[in-house]
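Heads up, the thing below is written out as structure tokens.
The values are calculated or read from the model by the stated rules, or taken from the named source; none is laboratory data. Owing to the predicted nature of the structure, the values given are computational and were not obtained by experimental measurement. Glycine gets a Cβ as well: all are built from the backbone with ideal geometry, and neighbour counts include every protein chain shown.
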């Protein structure tokens, strides 16, 4: 037996007990007559004690140990003279009588501490060592706890966890599919699922009523700062439901998670904001509601003073940064540069300070009198001491830029605290968006999303005006999940495919089995999918989802620990009837 | 709101309640003045009642409905005059006041009944309809329940469920890897995991102590009768454990499952049989212990009577089929043919009947007297009325053939009842097996398996004699799971790779990161993996694992519902820098 206890459980009431512990050596302190060693495992750290007077040979042995050695020790639990209230085991230590080295360690390439000296690249290469750090372990353990709490809630609501296949068929969004050549069927490929969408709909048609699954999904795209080629989705679907049945049930899930994981109780319903309102008010379809700072539409208020920029603009909007009227010229200049960066892409920024003494000072004083500026302030609910920030241009673009500026000002005013959470639903998304270049319609959510009931009639005449029964759960500016009521009618689905530019043959080739399934009694149904990695990262206070994935890939989609992707040998390629074609570059 | 209740929950005490139900139409019975409809959902079936006298229009409407239509009905719960005690809702029916057709259905290609008229091929093509059958639903629901009970047990034992990656690196057993071309890294491939073996070992090195995961694994091989290219594994690993720690903990899991799922309590420890003993006694490393019928080694007993077949054989073994001395010539002839089939491949079969009157009658009476045959009977513990069956030849081959014959006789004697369960552990597997043609050593379990402690010394001299710390959990002739204590020492691991024929470069290329990880303090560790599909099938009484997989592939590895694998377009191939090479056939 390697241990009688783990390294996190011994307490005062175990004093005098003979114990065996196993673990990693975290730290060795040699004080001459005494040596102390911190022994670590997943459960905690226990202090080992060696005394030169009583056992000089053993102390000498202890001094030869190194960091990250794995040892088994036997000894007696004794009360510490110098207790450490910060450690759960801080009342005791082990007076060691025997050491057994289970496994030696070379000096690790970085320190196994919360504040490690290793950069991300080396930590990914030695991920198995990075995983030992308490900070990383906390995220992985949280992830497990969250997965189980999600299951607990959904199982309790009669959901069934059902596995859907990984080796499926490439779909029209195929460009992002990972494909898997089949050895048995020459020249044929499976594809890895970008989501189990079609299968969960088939499960509803199959009568399973309530389905969920925590499952991996795959997308082969240029990995942006915080995407992974494989990611985990909490995938859910229900039959015989309307939109609010779904929102209520999954709002319940979110509340359950806030309560169980963060010990935060939301007693009120989550705010529900229509997509158009969110865009107009916050310049975002995933607004951070930890702070207010709404966008005011000033188009009517500020026009007509011969300021060409505004007079020629389709839209003028502003936000009010509370208490920042003291911003210096240097600070406002910097802010102008900030909005002109390509990520925001604004031409400029007009500001007006509402000074503490009630006067105004703006960057457009040439065109606007004190009275004019007072009107701005009234329109924006600004008060003395505030800084008004205005942008103008094409409406949608300006709103998005103001939305970004709003987040930046929120950061500067420290209104975006990691420990506050502001969940909300965005509803009534548009059903389609038009490709500005080609005029082709795309599904905003996906091709199976149902229009809102009262808007079916627009499908032949004004499809771009149709709102969808689609919704997103947003927390602190992050889209945590989203979903929709699905179409369950063959005719409507066929119409959708047509608007989306599928020929009849393409629709049949890609979704024939689903269209076919609709012919045999499809229940009304809808669902939602949550980005599990993102949700865990949010609750863990992590910047990146990589922090809460045991073996993440880097930003180029590579696993640099195992060195994948990599070449395969020619024999294997031949078996698959494939050849690698060199492109000219 | 689509429903106030589901179709399985209304009872006597709901009588007079106004309810709304939604579901599928299972059956319509038109009795002229009255019409009865069975409305079905996942939760059950409720009878709907229509009366010509009170509402002739509605009855006429009801008669127009068809099987598998999805409808919403409103009505009042009434007490049935003719109760059906076989249905949980059999005390009541709904006097319907309103019908709303949610979705029509064409006539399904097969009947949605337990005894369906559809063959497997058509049922796989329309799997979403097959999934509606109560029999199939039972398996899928059982699967969910088992997954959650497994989680419950392991979480309660401090295991963490941790996700390991799907896009990994092709390994030396690469021939069976599914590979995934990377669009971003020209000519490079990921591979799908055949198991998370390496990652779970890295998690132990990372200090996670107890890991499990229910996860998909992938193997691209010729699919035998009951294999799937993707399958689900219950993957587990523990640190600081010896073999018996693992056996005890997972025996606990198996007992928990038997209790919770089958309501069977095993109060005694499972039998543990060494591999060699299992082979000698049952001719199998996964013996069915629902019945005894051991193999007797008769080599010494039967030699020396001038019967050339026996005298020239290296090994002679026999089993005793209780009470079958009455077998006719025709029956024994058939049995001889049975063992001569290529699946068994035996040359022949000697039998001796121990007649009820105490006399013997054998197929080799020319060579063996009644006294001789009495000796056989004594050696085999046969008694009057039994049939003795003997085979001879090379030892291992003969044992395997006797093992198959034993199972067949068990079937004939009805000793293999689906509702009896006989779990056991097979331990002490050989570490290596030698390829008879090339002489190359292969790992019986996998290259990370540790030799038994007391056998390390044989590694340089007699590797083929070494027993491994490897074990299988066997139930009713099925291997449900297996595992081993792993090597945690770099030197020993390097030696293993060498014996297994890896060059140093190959070992480094394939497992460098794991070998490297061992250098930084690897704890002693070991684990087990269970075949979840197989286990569910066993508990469900299913012949095939396909019965307990929501969307299985057929025996050729095809999903015939979605038509995968399939061709992908040239644009996509070009994107992947790949070309399909036509083979000459």
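For the reader, a short list of remarks on this structure follows.
- If you check B:434, B:366, B:395 for being surrounded by fewer than 17 Cβ atoms within 10 Å (Cβ to Cβ) and in contact with a strand residue (DSSP E or B) (Cβ under 7 Å, 6 or more places away or on another chain), only one passes: B:434.
- Residue count for the stretch B:99-142, restricted to those that are touching a residue at least 24 places away in the same chain (Cβ under 8 Å), farther than 24 Å from residue A:524 by Cα and not in a helix (DSSP H, G or I): 0
- Residue B:423 passes every criterion in (1) at pLDDT below 95; (2) within 30 Å of residue B:255 (Cα to Cα) apart from (1).
- Number of the exception - residue B:430 against (1) within 22 Å of residue B:484 (Cα to Cα); (2) without any contact (Cβ under 8 Å) to a residue 24 or more places away in the chain: (2)
- Qualifying residue in the stretch A:47-64 (condition: touching a helix residue (DSSP H, G or I) at 6+ places or on another chain (Cβ under 8 Å), buried (at least 17 other Cβ atoms within 10 Å of the Cβ) and within 14 Å of another protein chain (Cβ to nearest Cβ)): no
- All told, residue B:389 meets the bar of being at pLDDT 95 or above, crowded, with 20+ Cβ neighbours inside 10 Å and over 23 Å from the mean Cα position of the chain (by Cα).
- Screening B:83, B:27, B:17 for residues that are surrounded by fewer than 16 Cβ atoms within 10 Å (Cβ to Cβ), touching a strand residue (DSSP E or B) at 6+ places or on another chain (Cβ under 6 Å) and within 30 Å of residue B:136 (Cβ to Cβ) leaves exactly one candidate, B:27.
- Flag for residue A:557 being closer than 30 Å to residue A:420 by Cβ and at pLDDT 90 or above: no
- Checking each residue in the stretch A:143-168 for being under 20 Å from residue B:140 (Cβ atoms), outside any loop (DSSP other than H, G, I, E, B) and within 8 Å of chain B (Cβ to nearest Cβ) picks out A:151, A:155, A:160, A:161, A:168.
- Residue match in the stretch A:469-492 (condition: under 30 Å from residue A:406 (Cα atoms), modelled with pLDDT under 90 and either touching a strand residue (DSSP E or B) at 6+ places or on another chain (Cβ under 7 Å) or in the same structural domain as residue A:160 (by TED's automatic domain parsing) (or both)): no
- Restricting attention to the stretch B:267-297, the residues that are under 24 Å from residue B:484 (Cα atoms) and not in a helix (DSSP H, G or I) total 14.
- Selection of the stretch B:305-349 for residues being surrounded by fewer than 16 Cβ atoms within 10 Å (Cβ to Cβ) and part of a strand (DSSP E or B) yields an empty set.
- Total residues in the stretch B:367-391, condition assigned to a loop (DSSP other than H, G, I, E, B) and closer than 17 Å to residue B:316 by Cβ: 4
- Subset tally (residues that are assigned to a loop (DSSP other than H, G, I, E, B) and surrounded by fewer than 24 Cβ atoms within 10 Å (Cβ to Cβ)) for the stretch A:221-236: 8
- Here residue A:90 fulfils each of the conditions (1) under 43 Å from the mean Cα position of the chain (by Cα); (2) surrounded by 15 or more Cβ atoms within 10 Å (Cβ to Cβ); (3) closer than 30 Å to residue B:517 by Cβ apart from (3).
- Within the set A:377, A:382, A:401, A:352, the sole residue that is closer than 21 Å to residue A:308 by Cβ, over 32 Å from the mean Cα position of the chain (by Cα) and buried (at least 17 other Cβ atoms within 10 Å of the Cβ) turns out to be A:352.
- Number of residues in the stretch A:531-545 that are touching a helix residue (DSSP H, G or I) at 6+ places or on another chain (Cβ under 8 Å) and either over 15 Å from residue A:229 (Cα atoms) or crowded, with 22+ Cβ neighbours inside 10 Å (or both) equals 10.
- Residue check for residue B:171: surrounded by fewer than 23 Cβ atoms within 10 Å (Cβ to Cβ), in contact (Cβ under 8 Å) with a residue 24 or more places away in the chain and more than 9 Å from chain A (Cβ to nearest Cβ): yes
- Residue list for the stretch B:176-196, restricted to those being over 23 Å from residue A:533 (Cα atoms), surrounded by fewer than 24 Cβ atoms within 10 Å (Cβ to Cβ) and more than 7 Å from chain A (Cβ to nearest Cβ): B:176, B:194
- When we screen A:500, A:492 for residues that are surrounded by fewer than 17 Cβ atoms within 10 Å (Cβ to Cβ) and under 23 Å from residue A:200 (Cβ atoms), the only hit is A:492.
- Enumeration of residues in the stretch B:282-293 that are buried (at least 20 other Cβ atoms within 10 Å of the Cβ) and free of Cβ contacts under 8 Å to residues at least 40 places away in the same chain: none
- Considering residues of the stretch A:197-213 that are in contact with a helix residue (DSSP H, G or I) (Cβ under 6 Å, 6 or more places away or on another chain) and more than 7 Å from chain B (Cβ to nearest Cβ) only, the residue modelled with the lowest pLDDT: A:198
- Helices (runs of 4 or more DSSP H) contained entirely in the stretch B:487-585, each with at least 3 residues that are at the interface with chain A (Cβ under 9 Å from one of its Cβ atoms): B:504-518, B:570-575
- Criterion violated by residue B:96 - all others in (1) touching a helix residue (DSSP H, G or I) at 6+ places or on another chain (Cβ under 8 Å); (2) outside the structural domain of residue B:47 (by TED's automatic domain parsing); (3) not in a loop (DSSP other than H, G, I, E, B) satisfied: (2)
- Selection status of residue B:140, at pLDDT below 95, buried (at least 17 other Cβ atoms within 10 Å of the Cβ) and within 12 Å of chain A (Cβ to nearest Cβ): no
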